[in-house]
Amino acid sequence: MDILLTNDDSIDSPLLKTAIDFLKPLGNLRVVVPLEEQSWKGKSITRFSDMVVEPRTIQGVEGCAFSGTPADCTNFAIYNLYDEKKPDLVVSGINIGANTGVSFTWSSGTVGACLEANIAGVPAVALSQMLDSEVFFAWANDRHIPSDAMDRLSATIQGMLKDTFELLMAREDWLKEPITWNVNMPVDPARDCRPISAYLGRAFYGSIFKKQGDIYVHDVDSPEPDTAEGSDTAVVGSGHVSVTRLDFLTFGNEVDSTFGSGS
(Lines give C-alpha, C1' and ligand atoms only; values in the text may rest on other atoms or scores of the structure.)
Protein backbone atom coordinates (compact mmCIF):
# COMPACT_ATOMS: atom_id res chain seq x y z
CA MET A 1 0.00 0.00 0.00
CA ASP A 2 1.37 3.40 -1.01
CA ILE A 3 0.63 6.03 1.64
CA LEU A 4 1.07 9.79 1.39
CA LEU A 5 1.32 11.63 4.71
CA THR A 6 0.81 15.36 5.10
CA ASN A 7 -0.35 17.73 7.87
CA ASP A 8 -1.16 21.38 8.57
CA ASP A 9 1.17 21.95 11.54
CA SER A 10 4.27 21.78 9.30
CA ILE A 11 7.51 19.87 9.45
CA ASP A 12 8.34 20.67 13.08
CA SER A 13 5.17 19.18 14.52
CA PRO A 14 6.12 16.66 17.23
CA LEU A 15 3.07 14.57 16.31
CA LEU A 16 4.40 14.11 12.78
CA LYS A 17 6.94 11.61 14.13
CA THR A 18 4.15 9.79 15.95
CA ALA A 19 2.21 9.44 12.69
CA ILE A 20 5.31 8.27 10.81
CA ASP A 21 6.13 5.66 13.46
CA PHE A 22 2.64 4.20 13.11
CA LEU A 23 2.32 4.34 9.32
CA LYS A 24 5.76 3.08 8.25
CA PRO A 25 4.96 -0.60 8.91
CA LEU A 26 1.70 -0.35 6.94
CA GLY A 27 3.20 0.32 3.52
CA ASN A 28 5.39 2.49 1.35
CA LEU A 29 5.29 5.88 3.06
CA ARG A 30 6.06 9.29 1.57
CA VAL A 31 5.84 12.56 3.51
CA VAL A 32 4.99 15.98 2.05
CA VAL A 33 4.21 18.72 4.58
CA PRO A 34 3.92 22.53 4.55
CA LEU A 35 7.04 24.58 5.20
CA GLU A 36 5.09 26.68 7.70
CA GLU A 37 2.02 26.04 9.83
CA GLN A 38 -1.17 26.20 7.77
CA SER A 39 -3.93 25.78 10.35
CA TRP A 40 -7.39 27.11 9.51
CA LYS A 41 -6.68 26.99 5.76
CA GLY A 42 -9.40 24.46 4.99
CA LYS A 43 -9.06 23.24 1.41
CA SER A 44 -7.62 26.47 0.05
CA ILE A 45 -5.30 26.30 -2.95
CA THR A 46 -2.46 28.78 -3.56
CA ARG A 47 -3.02 30.81 -6.74
CA PHE A 48 -0.61 33.73 -6.93
CA SER A 49 2.61 32.59 -5.19
CA ASP A 50 5.52 30.71 -6.68
CA MET A 51 5.85 27.35 -4.96
CA VAL A 52 9.09 26.03 -3.51
CA VAL A 53 10.00 22.41 -2.83
CA GLU A 54 12.64 21.45 -0.26
CA PRO A 55 13.56 17.74 -0.37
CA ARG A 56 13.87 16.35 3.14
CA THR A 57 14.39 13.05 4.88
CA ILE A 58 11.78 13.24 7.61
CA GLN A 59 12.19 10.75 10.45
CA GLY A 60 13.96 8.42 8.03
CA VAL A 61 11.28 8.70 5.33
CA GLU A 62 11.72 10.21 1.87
CA GLY A 63 9.75 13.41 1.47
CA CYS A 64 9.80 17.16 1.18
CA ALA A 65 8.51 20.39 2.60
CA PHE A 66 6.29 22.40 0.23
CA SER A 67 5.59 26.12 0.50
CA GLY A 68 1.83 25.85 0.32
CA THR A 69 -1.34 24.82 2.08
CA PRO A 70 -2.12 21.24 3.12
CA ALA A 71 -4.34 20.87 0.04
CA ASP A 72 -1.46 22.19 -2.08
CA CYS A 73 0.79 19.52 -0.57
CA THR A 74 -1.69 16.77 -1.43
CA ASN A 75 -2.24 17.89 -5.00
CA PHE A 76 1.45 18.52 -5.64
CA ALA A 77 2.47 15.13 -4.29
CA ILE A 78 -0.21 13.08 -6.08
CA TYR A 79 0.49 14.57 -9.48
CA ASN A 80 4.22 15.26 -9.28
CA LEU A 81 5.81 12.68 -6.99
CA TYR A 82 3.91 9.60 -8.08
CA ASP A 83 3.95 8.08 -11.54
CA GLU A 84 0.75 6.93 -13.23
CA LYS A 85 -0.40 5.10 -10.10
CA LYS A 86 -1.69 7.44 -7.40
CA PRO A 87 -1.17 6.63 -3.73
CA ASP A 88 -3.66 4.19 -2.26
CA LEU A 89 -4.27 6.38 0.79
CA VAL A 90 -3.63 9.92 2.00
CA VAL A 91 -3.28 10.45 5.74
CA SER A 92 -3.30 13.97 7.16
CA GLY A 93 -2.11 14.76 10.68
CA ILE A 94 -1.74 14.13 13.45
CA ASN A 95 -3.27 17.55 14.06
CA ILE A 96 -2.45 19.27 17.32
CA GLY A 97 -5.97 19.82 18.63
CA ALA A 98 -9.35 18.32 17.80
CA ASN A 99 -11.28 18.89 14.58
CA THR A 100 -14.83 18.18 15.69
CA GLY A 101 -18.07 19.94 14.84
CA VAL A 102 -19.13 21.40 11.53
CA SER A 103 -17.37 24.76 11.70
CA PHE A 104 -13.97 23.55 12.89
CA THR A 105 -13.94 20.50 10.62
CA TRP A 106 -14.60 22.43 7.42
CA SER A 107 -12.06 25.10 8.44
CA SER A 108 -9.36 22.53 9.15
CA GLY A 109 -6.28 22.33 6.98
CA THR A 110 -5.90 18.75 8.18
CA VAL A 111 -9.29 17.82 6.76
CA GLY A 112 -8.77 20.04 3.70
CA ALA A 113 -5.76 17.98 2.65
CA CYS A 114 -7.96 14.89 2.71
CA LEU A 115 -10.75 16.49 0.68
CA GLU A 116 -8.17 17.40 -1.96
CA ALA A 117 -7.17 13.73 -2.04
CA ASN A 118 -10.82 12.76 -2.53
CA ILE A 119 -11.06 15.13 -5.51
CA ALA A 120 -8.13 13.20 -6.99
CA GLY A 121 -10.02 9.96 -6.39
CA VAL A 122 -7.93 8.88 -3.40
CA PRO A 123 -9.36 7.79 -0.01
CA ALA A 124 -8.08 9.65 3.03
CA VAL A 125 -7.91 9.65 6.81
CA ALA A 126 -7.70 12.87 8.84
CA LEU A 127 -6.13 12.39 12.28
CA SER A 128 -6.50 14.89 15.13
CA GLN A 129 -5.50 14.69 18.78
CA MET A 130 -7.44 16.60 21.43
CA LEU A 131 -5.16 18.25 24.01
CA ASP A 132 -5.64 19.80 27.41
CA SER A 133 -5.39 23.58 27.39
CA GLU A 134 -1.95 23.73 29.02
CA VAL A 135 -0.33 21.51 26.39
CA PHE A 136 -2.22 23.13 23.52
CA PHE A 137 -1.14 26.65 24.45
CA ALA A 138 2.43 25.51 25.06
CA TRP A 139 2.45 24.51 21.41
CA ALA A 140 0.47 27.53 20.17
CA ASN A 141 2.68 30.04 21.98
CA ASP A 142 6.11 28.36 21.95
CA ARG A 143 5.80 25.55 19.36
CA HIS A 144 6.84 23.10 22.04
CA ILE A 145 5.12 20.21 23.81
CA PRO A 146 6.69 19.33 27.17
CA SER A 147 8.57 16.02 27.02
CA ASP A 148 6.49 14.29 29.70
CA ALA A 149 3.26 15.23 27.92
CA MET A 150 4.75 14.13 24.59
CA ASP A 151 5.78 10.73 25.97
CA ARG A 152 2.30 10.21 27.37
CA LEU A 153 0.64 11.26 24.11
CA SER A 154 2.83 9.04 21.95
CA ALA A 155 2.02 5.98 24.03
CA THR A 156 -1.74 6.47 24.04
CA ILE A 157 -1.94 7.59 20.39
CA GLN A 158 -0.27 4.42 19.10
CA GLY A 159 -2.91 2.28 20.79
CA MET A 160 -5.80 4.41 19.55
CA LEU A 161 -4.45 4.42 15.99
CA LYS A 162 -4.01 0.66 16.03
CA ASP A 163 -7.62 0.08 17.08
CA THR A 164 -8.97 2.64 14.62
CA PHE A 165 -7.07 1.40 11.58
CA GLU A 166 -7.95 -2.21 12.38
CA LEU A 167 -11.60 -1.17 12.31
CA LEU A 168 -11.24 0.78 9.07
CA MET A 169 -9.20 -1.86 7.29
CA ALA A 170 -11.77 -4.53 8.18
CA ARG A 171 -14.45 -2.67 6.22
CA GLU A 172 -15.44 -4.06 2.82
CA ASP A 173 -15.29 -0.57 1.30
CA TRP A 174 -11.79 0.25 2.66
CA LEU A 175 -9.76 2.05 -0.03
CA LYS A 176 -12.56 1.56 -2.58
CA GLU A 177 -14.19 5.00 -2.39
CA PRO A 178 -12.73 8.54 -2.41
CA ILE A 179 -14.02 9.49 1.03
CA THR A 180 -12.44 10.92 4.19
CA TRP A 181 -12.58 9.36 7.63
CA ASN A 182 -12.28 12.17 10.17
CA VAL A 183 -10.69 10.66 13.29
CA ASN A 184 -10.48 12.55 16.59
CA MET A 185 -8.67 11.10 19.60
CA PRO A 186 -9.46 12.04 23.22
CA VAL A 187 -7.03 13.67 25.62
CA ASP A 188 -8.04 11.29 28.43
CA PRO A 189 -8.88 7.90 26.91
CA ALA A 190 -11.49 5.87 28.75
CA ARG A 191 -10.42 2.56 30.24
CA ASP A 192 -12.36 0.82 27.43
CA CYS A 193 -11.39 3.44 24.82
CA ARG A 194 -12.47 2.36 21.36
CA PRO A 195 -13.30 3.90 17.96
CA ILE A 196 -16.96 4.85 17.64
CA SER A 197 -18.83 5.98 14.53
CA ALA A 198 -20.02 9.57 15.04
CA TYR A 199 -21.81 12.31 13.18
CA LEU A 200 -20.37 15.76 12.54
CA GLY A 201 -21.50 17.81 15.52
CA ARG A 202 -23.79 20.81 14.95
CA ALA A 203 -21.49 23.41 16.48
CA PHE A 204 -20.85 26.80 14.88
CA TYR A 205 -18.37 29.43 16.03
CA GLY A 206 -19.11 33.16 16.09
CA SER A 207 -16.58 35.97 15.76
CA ILE A 208 -13.11 34.91 14.67
CA PHE A 209 -11.36 38.29 14.80
CA LYS A 210 -10.84 40.51 17.84
CA LYS A 211 -9.60 44.08 17.85
CA GLN A 212 -6.16 44.57 19.38
CA GLY A 213 -5.13 48.20 19.26
CA ASP A 214 -5.45 49.32 15.65
CA ILE A 215 -5.50 45.80 14.21
CA TYR A 216 -7.60 42.66 14.37
CA VAL A 217 -6.16 39.29 15.38
CA HIS A 218 -7.40 35.71 15.17
CA ASP A 219 -9.25 34.96 18.40
CA VAL A 220 -12.16 32.64 17.83
CA ASP A 221 -15.22 32.47 20.04
CA SER A 222 -15.70 28.94 21.33
CA PRO A 223 -18.96 27.51 20.00
CA GLU A 224 -21.50 25.76 22.14
CA PRO A 225 -20.53 22.10 21.61
CA ASP A 226 -23.00 19.56 20.29
CA THR A 227 -23.11 17.18 23.25
CA ALA A 228 -25.94 15.03 21.90
CA GLU A 229 -25.29 11.31 21.92
CA GLY A 230 -23.49 10.25 18.74
CA SER A 231 -21.88 13.59 17.93
CA ASP A 232 -18.13 13.61 17.38
CA THR A 233 -17.71 16.07 20.26
CA ALA A 234 -19.66 13.85 22.64
CA VAL A 235 -17.75 10.73 21.63
CA VAL A 236 -14.35 12.34 22.15
CA GLY A 237 -15.53 13.93 25.39
CA SER A 238 -16.49 10.48 26.70
CA GLY A 239 -12.94 9.25 26.21
CA HIS A 240 -13.43 7.39 22.94
CA VAL A 241 -12.16 7.92 19.39
CA SER A 242 -14.72 9.53 17.07
CA VAL A 243 -14.73 8.30 13.48
CA THR A 244 -16.83 10.37 11.07
CA ARG A 245 -17.38 9.59 7.39
CA LEU A 246 -17.06 12.66 5.15
CA ASP A 247 -18.28 12.00 1.62
CA PHE A 248 -18.39 15.13 -0.51
CA LEU A 249 -19.75 13.17 -3.50
CA THR A 250 -23.09 12.83 -1.69
CA PHE A 251 -23.38 16.51 -0.78
CA GLY A 252 -26.04 18.40 -2.73
CA ASN A 253 -27.37 15.33 -4.54
CA GLU A 254 -30.99 16.04 -3.62
CA VAL A 255 -32.83 18.05 -6.29
CA ASP A 256 -35.32 20.71 -5.19
CA SER A 257 -38.29 20.16 -7.48
CA THR A 258 -39.58 23.70 -6.95
CA PHE A 259 -36.99 24.88 -9.46
CA GLY A 260 -38.31 22.59 -12.18
CA SER A 261 -36.58 19.76 -14.02
CA GLY A 262 -33.44 19.99 -16.10
CA SER A 263 -35.12 18.67 -19.21
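The values are calculated or read from the model by the stated rules, or taken from the named source; none is laboratory data. What you see is a predicted model; the values in this text were computed from it and never measured. Here the Cβ is made from the backbone with ideal geometry for all residues, glycine too, and neighbour counts use every protein chain on show. Surface areas here come from the heavy atoms of the whole protein model, side chains and all, with no ligands, DNA or RNA. Shrake-Rupley method; radii C 1.70, N 1.55, O 1.52, S 1.80 Å.
Please state the charge dipole magnitude for the chain, taken about the Cα centre, from unit charges on C-beta atoms (+1 on K and R, -1 on D and E), reported in debye and rounded to the nearest 20.
260
Over the alpha-carbon set of region 1-117, work out the extent along each principal axis and list the three values in angstrom, largest first.
Extents along the principal axes, in whole Å: 33, 31, 25.
Checking understanding here: applying a Kyte-Doolittle mean of at least -0.5 and a length along the axis of at least 24 Å (C-alpha), which whole DSSP H helices in the chain pass?
Going by DSSP H runs, the hits are 147-169.
How are the Cα pair distances of region 86-149 distributed, in percent, across 5 Å bins from 0?
Bins of 5 Å from zero give 4, 17, 22, 20, 16, 10, 8, 3 percent of pairs.
Taking the DSSP beta bridges in region 133-254 as the whole, what percent of them are antiparallel, to the nearest 5?
Counting DSSP beta bridges with both partners in region 133-254, the antiparallel share is about 70 percent.
Hey, what number do you get for the chain at 222 nm if only DSSP H runs of n ≥ 4 count, each worth -39500 (n - 2.57), divided across all residues, to the nearest 500?
Details: 7 runs with 77 residues, N = 263.
Helices in the chain give a 222 nm mean residue ellipticity of -9000 deg cm²/dmol.
Could you pull the accessible area for T156 with a 1.4 Å probe, rounded to 10 Å²?
50
Taking GluC sites (Glu not before Pro) that fall in a DSSP loop and have at most 10 other Cβ atoms within 10 Å as cut points, what is the longest piece of the chain between them? Numbers along the way, then the final one.
Details: sites that count: E84, E172, E229, E254.
That gives 85-171 as the longest site-free run.
Could you tell me the relative contact order of the chain? Use alpha-carbon pairs under 8 Å, at least six residues apart, and round to a whole percent.
Taking the mean separation of contacting Cα pairs over the length of the chain, I get 17 percent.
How would H144, H240 line up by accessible area, probe 1.4 Å, largest first?
H144, H240
Please give the solvent-accessible surface of I208 in Å², to the nearest 10, using a probe radius of 1.4 Å with every protein chain present.
That residue has around 30 Å² of solvent-accessible surface.
Calculate the length of the line joining the C-alpha centroid of region 33-71 to that of region 210-228, in whole Å.
26
So which lysines can K17 reach, going by Cα to Cα under 17 Å and dropping same-chain residues fewer than 8 places off?
K162
Normalised by the number of residues in region 37-77, what is the relative contact order in percent for Cα pairs under 8 Å and 6+ residues apart?
Computed over region 37-77, the figure is 43 percent.
Working only with C-alpha atoms, what are the Rg and Dmax values of region 116-249, expressed in angstrom?
17.0, 56
Give the calculated FRET efficiency between D148 and Q59 to the nearest 0.05, with a Förster radius of 22 Å applied to their Cβ-Cβ distance.
According to the calculation, E is roughly 0.55.
In what order, largest first, do M1, M185 sit by accessible area if the probe radius is 1.4 Å?
Largest accessible area first, the residues go M1, M185.
At 1.4 Å probe size, put L246, L175 in order of accessible surface, largest to smallest. If you can, show how the numbers build up before the last one.
On the way: L246 5, L175 60 Å².
Heavy-atom accessible area, descending, gives L175, L246.
Would you please give the FRET efficiency between A155 and D214, computed as 1/(1 + (r/R0)^6) with r the Cβ-Cβ distance and R0 = 35 Å, to the nearest 0.05?
On the way: r = 46 Å, r/R0 = 1.32.
Taking R0 as 35 Å, the efficiency between A155 and D214 is 0.15.
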